[in-house]
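The values are calculated or read from the model by the stated rules, or taken from the named source; none is laboratory data. All figures in this text were calculated on a predicted structure; none of them were measured in a lab. Every residue, glycine among them, receives a Cβ derived from its backbone with ideal geometry; neighbour counts consider all protein chains shown.
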Amino acid sequence: MSSLNLRERELVALGAALAANCVPCIEFHVPAARKAGLTDAEIDEAIALADKIKQVPAGKVLEAARQMLGSAGASASAATGSSACGTVPAGKSACC
């Protein structure tokens, strides 16, 4: 049995849906959150907070990509190895 009530569970589900970039999940959980008694303002606040949290790692990825292009320039593309993402620099692991 869950110790979270239905409203709390829907707030968690909204955050997870946004983090997963799952449109069908958002389409399901917004009406479910309303049915659970959440107001549109509460739903909007939860979605805004989830998005704000999601942007932190997204910003770090962008920063890492820009750093890779900074001093290394085009030499990063002259790396060895391969993966689904293309070439992988020696000593680095592939992301996928």
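Of the numbered conditions (1) part of a helix (DSSP H, G or I); (2) at pLDDT 90 or above, Leu38 fails exactly one; give the number of that condition.
(1)
Report whether or not Val30 is surrounded by fewer than 14 Cβ atoms within 10 Å (Cβ to Cβ), of a type in the set (A, V, I, L, M), at pLDDT 90 or above and in a helix (DSSP H, G or I).
So Val30 fails the test.
Name the single residue, out of those in segment 6-22 being under 19 Å from Val56 (Cα atoms) and exposed (fewer than 15 other Cβ atoms within 10 Å of the Cβ), that is farthest from the chain's Cα centre (by Cα).
My answer is Val12.
For Asp51, only one of the following conditions fails: (1) surrounded by fewer than 14 Cβ atoms within 10 Å (Cβ to Cβ); (2) under 16 Å from Arg7 (Cα atoms); (3) in contact (Cβ under 8 Å) with a residue 12 or more places away in the chain; (4) not aliphatic (A, V, I, L, M). What is its number?
(2)
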